[in-house]
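Derivation of every value follows stated rules applied to the coordinates shown; laboratory data play no part. None of the values given here were measured: they were computed from a predicted structure. When we count neighbours, we look across all protein chains shown, and the Cβ atoms used for this are built from the backbone with ideal geometry, even at glycine.
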Amino acid sequence: MSEPIAYQDLASKVGQREAQAEMPDTAIRETLFLTGREPIPEIADVSEVQPTHKGPEGVRTFRVDLDVPRTAIGVHTFPPGVEGTKLSARRTLLVEEEYPQHVEGFLPDHLALKVQPGKLDRQLRRRLKRTKVDADDPEVKWATTIFPPEDRYAFNDTSFPWCTTGRVETSNGGWASGSMVGPRHLLTCSHAIGWITNPDPYVAGWINFTPSYFDGSAPFGKAWGTHIYWQEQVFGPFIEGTEERHDYVVVVLDRRIGDLTGWMGSKSYTDTWDGGTYWSHIGYPEDVAGGTRPIFVGDFALDGHDTQNDSAQALLHTADVIPGQSGGPMFGWWEGEPWPRVVADQSWQNESSNGASGGSKMVDLIIRARNEHP
């Protein structure tokens, strides 16, 4: 495949388009996990909210109250964990050219296309709260530095491909970032997962994904993980040894939420792209509303680690990232394609560089997950 499109040429070579069709008349399912006898839910009340936050003209907001009787009050309830598939480091990699349908993206007709997300309206803007990495050793790689000048900006744009990214919450506590790479396939970082030491049958605790999450809003609904693919379990807070090259997982979700959001394609990174300002990134940093708002940063270069094979390597960069953005995609665009392709996900930071994890082993994970769990 040819080299990616330079960031400054995206507007002319990819451009933008309006939605080609109406949003499908589909239900957004809300899932609850309850303890006690089998519940019989009842709708208690449906009422229109007035006044409401500024939104698209003609869009109304409703409050829906649901009563769920006969549940065990005062008893903690947790979602189920996920089963999983560990892939051998010595496996024969699936060649992406032989599985084009599993590495291509998808732009739904009902979504508009933009190569940059629109910035927030003034009334929604907030000041950033700076967080400094506290490390005496500059070689310590934290599980995820801001290099001046500040290039990030928050957004609530739900057009494509910005709606393919979202906030990931897990049983491990806190949050991470992630992106859709298939109809029900989520790419995020391994160090955010609540790995279970002695699986029976779950290999990890619960995983929840909310695309386009913004201040608690879930415009496309939420999805839960049911299966996970990984090569290396990374625990953090430090990223050590081979972990920097394999800090990614593919999570199979319980519903095809990608039919609504679309998804990004994927591509193996090659060092011939080193130094080219092709790339963009989205994540949920802790210094922007406590990780409740996504940020965008673009026009930066990646640099594949010189001593690591293209199949699995750390991709060094100085894009502005801090904790919370881990798992967010590093992606670029190619001519003739209306979707971007992910080449890595954000992994770590130190005072001199930031690092993402990518390579053909990451793409192999995506192909296997999409092939075995369509």
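Counting each DSSP H run of 4 or more residues in the chain as -39500 (n - 2.57), what helix-only mean residue ellipticity at 222 nm follows after dividing by all residues, to the nearest 500 deg cm²/dmol?
Calculated from helices alone, the mean residue ellipticity at 222 nm is -1500 deg cm²/dmol.
Normalise the Cα radius of gyration of segment 71-117 by 2.2 N^0.38 Å (N = residues in it) and let me know the number.
Details: Rg = 20.6 Å, N = 47, 2.2 N^0.38 = 9.5 Å.
It is 2.17.
Once the Cα gyration tensor of segment 1-92 is found, what semi-axes does its equivalent ellipsoid get, as square roots of 5 times the eigenvalues, in whole Å, sorted largest first?
Each semi-axis is the square root of five times an eigenvalue, giving 41, 31, 12 Å.
If the only charges are +1 at each Lys and Arg Cβ and -1 at each Asp and Glu Cβ, what is the size of the charge dipole of the chain around the Cα centre, to the nearest 20 debye?
840
Roughly how far apart, in whole Å, are the Cα centres of segment 329-358 and segment 1-39?
Centre-to-centre (Cα) distance: 18 Å.
In the chain, what percentage of the DSSP-assigned beta bridges are antiparallel, given to the nearest 5?
If I count the DSSP bridges inside the chain, around 90 percent turn out antiparallel.
Which listed residue (Gln50, Gly275, Trp348) has the Cα farthest towards the positive end of the charge dipole for the chain, taking +1 on Lys and Arg C-beta and -1 on Asp and Glu C-beta about the Cα centre?
Most positive-ward Cα: Gln50.
Please state the equivalent ellipsoid semi-axes for segment 283-323: what are the square roots of 5 times the Cα gyration tensor eigenvalues, largest first, in whole Å?
The answer is 27, 11, 8 Å, longest axis first.
Among the GluC sites (Glu not before Pro) in segment 8-42, which ones are in a DSSP loop with at most 14 other Cβ atoms within 10 Å of the Cβ? Mind listing them?
Details: sites: Glu18, Glu22, Glu30, Glu42; in loops: Glu18, Glu22, Glu30.
Loop-located and lightly packed - Glu18, Glu22, Glu30.
I need the phi-derived Karplus couplings for segment 12-19: 6.51 cos²θ - 1.76 cosθ + 1.60, θ = phi - 60°, integer Hz, Gly and Pro marked x.
Per residue, the Karplus-derived 3J(HN,Hα) values read 7, 9, 10, x, 9, 8, 7, 4 Hz.
I'd like to know which of Val64, Gln308, Ser326 lies farthest towards the positive end of the charge dipole of the chain, counting +1 on Cβ of Lys and Arg and -1 on Cβ of Asp and Glu.
Comparing the listed Cα positions along the dipole, Val64 ranks first.
What is the diffusion coefficient of segment 250-374 in µm²/s, taking the Kirkwood radius over Cα pairs and the Stokes-Einstein relation at 4 °C with a viscosity of 1.567 mPa s?
Details: Rh = 15.2 Å.
Estimated via Stokes-Einstein, D reaches 85 µm²/s.
Over the Cα atoms of the chain, Rg to Rh with Kirkwood Rh, two decimal places?
Numbers: Rg = 20.3 Å, Rh = 21.2 Å.
Looking at the chain, the ratio lands at 0.96.
No solvent, one uniform scatterer per C-alpha: report log10 I(q)/I(0) for segment 209-251 via the Debye equation at q = 0.15, 0.22, 0.33 1/Å, two decimals.
Taken in order of the listed q values, log10 I(q)/I(0) reads -0.57, -0.80, -1.07.
Taking H placed 1.01 Å from N in the peptide plane, check which residues at least 5 places from Ile207 or on another chain put their amide H under 5 Å from its amide H.
Answer set, sorted by chain and number: Gly225.
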